[in-house]
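Take this structure first; my questions come after.
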Amino acid sequence: SRVSRGNPMVEGDSAGALTGGDGNADTAVKSKPRFAILTLCDAKTGYICTASAANKRQYAELHGYDLIVTTEVADRTRPAAWSKILEVRKYLPAYEWLMFIDVDTLIMH
């Protein structure tokens, strides 16, 4: 699958958990998925986003983790790096463990 611009992509067996399985983000999560990997691809990193997301997707699938790829800067009044904190705060309540990995890193396995 490709990384799209706009809404974050959530991939994995528990992808519906963030929306309560019915597509409504306000629905309470009944049971948290255990692990997820989160990365941020903004307009300045688009050139490496596809390769980076594919690398992280392969690792996540190997271990049964969800992968969340956000493609929008959460706060345009600050540098994009500050969006990391906001995105972690947004998704952390839905997981027991959330690992943020910068888009310019690769997982070697």
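The values are calculated or read from the model by the stated rules, or taken from the named source; none is laboratory data. Every value quoted in this text rests on a predicted model; they were computed, and no experiment measured them. In this analysis, Cβ positions are derived from the backbone assuming ideal geometry, glycine residues included, and neighbour counts consider all displayed protein chains. Accessible surface areas use protein heavy atoms only, side chains included; no ligands, DNA or RNA. Shrake-Rupley method; radii C 1.70, N 1.55, O 1.52, S 1.80 Å.
Sort through Val73, Val69 and tell me the only one that's touching a strand residue (DSSP E or B) at 6+ places or on another chain (Cβ under 9 Å), of a type in the set (Val, Ile, Thr) and assigned to a loop (DSSP other than H, G, I, E, B).
Val73
Give me a count of the residues in the range 40-76 that are of a type in the set (A, V, I, L, M) and closer than 15 Å to Glu87 by Cβ.
Counting residues in the range 40-76 that are of a type in the set (A, V, I, L, M) and closer than 15 Å to Glu87 by Cβ gives 7.
In addition: Can we say Arg57 is at pLDDT 85 or above and of a type in the set (Lys, Arg)? Quick ask: steps written out before the conclusion?
Values: at pLDDT 85 or above: yes; of a type in the set (Lys, Arg): yes.
Criteria met by Arg57.
To continue, here is another question. Here is a check on your reading of the model: is Asp102 acidic (Asp, Glu), open to solvent by less than 80 Å² (accessible area, probe 1.4 Å) and at pLDDT 90 or above?
When the stated conditions are applied, Asp102 passes them.
Still on this structure, I have one more. Looking at (1) open to solvent by less than 100 Å² (accessible area, probe 1.4 Å); (2) among the polar types (S, T, N, Q); (3) outside any helix (DSSP H, G or I), which one does Asn55 not meet, given that it meets all the others?
Asn55 satisfies every listed condition except (3).
Can I ask one more? Would you check which residues across the range 22-40 are open to solvent by less than 70 Å² (accessible area, probe 1.4 Å), among the hydrophobic types (A, V, I, L, M, F, W, C) and either at pLDDT below 90 or part of a helix (DSSP H, G or I) (or both) and list them?
Matches in the range 22-40: Val29 only.
List every residue pair whose Cβ atoms sit under 8 Å apart, with the two residues 6 or more apart in sequence or on different chains, where the first one lies in the range 62-81 and is closer than 12 Å to Asp42 by Cβ and open to solvent by 50 Å² or more (accessible area, probe 1.4 Å) and the second, anywhere, is assigned to a loop (DSSP other than H, G, I, E, B) and among the charged types (D, E, K, R).
Glu72/Arg5; Glu72/Asp42
Within the range 82-99, restricting attention to residues that are open to solvent by 70 Å² or more (accessible area, probe 1.4 Å) and either β-branched (Val, Ile, Thr) or over 14 Å from the mean Cα position of the chain (by Cα) (or both), which residue is modelled with the lowest pLDDT?
Trp82
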